[in-house]
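Encoded as structure tokens, the structure appears first; notes follow it.
The values are calculated or read from the model by the stated rules, or taken from the named source; none is laboratory data. Please read all numbers here as calculations on a predicted model, not as lab measurements. Cβ atoms come from the backbone with ideal geometry, glycine included; neighbour counts cover every protein chain shown.
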Amino acid sequence: MAPDLITMKRTAIKKILLVQGGLGDSVGPVLEQHGYRVAWVRTAKNALSYFEKDTPALVIIDVPSLRVSAERLCQGIKRMADVPIIMIGPEQPTSTANASSSASNSLAPGNCADAYLPRPLQLRRLLTRVDKLMPEGQAIELRCGDLVFRPADGVLRKKSEQLYLNPKLSKLLQLFMQQPGEILTRKFLMQQVWDTSYLGDTRTLDVHIRWLREAIEDDPTDPVYLRTVRRQGYRFETPKMRKL
């Protein structure tokens, strides 16, 4: 399915500032897909200027793309605001104490940044770090049609109604809303939510799907968001998808 057909609107309470020269095309969309709002700048100067008008919840610095010392930028940011910083850099970071100008972008992890991820970058690992370092209370909100869902505390708002989903239902809804239009198999859902691949008895999944529909659908017997794909699994559809 073409990306422009996926119209789910994802927002975050605060932004992530991505300081990059080449990673934006890969990292930025992934962060936005998982509910974060991302502001991109390409230079250290622009990064510092950004803090004069706004304070992001977290900063990600692509070390090799900078023309100045990444550690100096990190220290400059820390002087302006107490925000967590993730650095993405060479496979084997080294100290900048005696670094030559040609190696001025390298640094020792822990000198300034709160986390250091070496290349080649594993996006799943980056997302895990972002989730752990995101300040408390900076929860993401997933939006689609009349639904507004906050995975961190399981709060679901539907029109004027507010519900609290238990952890299993919260995990299910988050999986569906972050992958609109994708068929999620029963095996995948069992693995992700119940940490098992056993499909001998999926009554628990069936019950949770029914409960989830009762929470998000106007008519659970005729679902418009959470659709069954016969012999495959389930698919979460956005309002625009249903019009196509």
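Observations on the structure shown:
- Taking the criterion of being surrounded by 18 or more Cβ atoms within 10 Å (Cβ to Cβ), in contact (Cβ under 8 Å) with a residue 40 or more places away in the chain and not aliphatic (A, V, I, L, M), the only residue of region 154-177 that qualifies is F176.
- Residues of region 190-234 satisfying the condition of being over 28 Å from the mean Cα position of the chain (by Cα), surrounded by 13 or more Cβ atoms within 10 Å (Cβ to Cβ) and β-branched (V, I, T): T202
- Residue list for region 191-218, restricted to those being acidic (D, E) and within 17 Å of L156 (Cα to Cα): E214, E217, D218
- Qualifying residues in region 1-49 (those that are modelled with pLDDT of 90 or more and of a type in the set (V, I, T)) - the one nearest to R129 (Cα to Cα): I16
- Of all the residues in region 144-153, those that are at pLDDT below 85 and surrounded by fewer than 18 Cβ atoms within 10 Å (Cβ to Cβ) number 2.
- Count - residues of region 34-89 that are among the basic types (K, R), more than 19 Å from the chain's Cα centre (by Cα) and under 22 Å from L123 (Cα atoms): 1
Residues are listed down the side, and each one gets a yes or a no for (1) of a type in the set (D, E, K, R); (2) outside any helix (DSSP H, G or I); (3) in contact with a Gly (Cβ under 8 Å, 6 or more places away or on another chain); (4) at negative phi:
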{"residue": "S26", "(1), (2), (3), (4)": "no, no, no, yes"}
{"residue": "V30", "(1), (2), (3), (4)": "no, no, no, yes"}
{"residue": "W40", "(1), (2), (3), (4)": "no, yes, yes, yes"}
{"residue": "E52", "(1), (2), (3), (4)": "yes, yes, no, yes"}
{"residue": "I61", "(1), (2), (3), (4)": "no, yes, no, yes"}
{"residue": "E71", "(1), (2), (3), (4)": "yes, no, no, yes"}
{"residue": "Q75", "(1), (2), (3), (4)": "no, no, no, yes"}
{"residue": "M87", "(1), (2), (3), (4)": "no, yes, no, yes"}
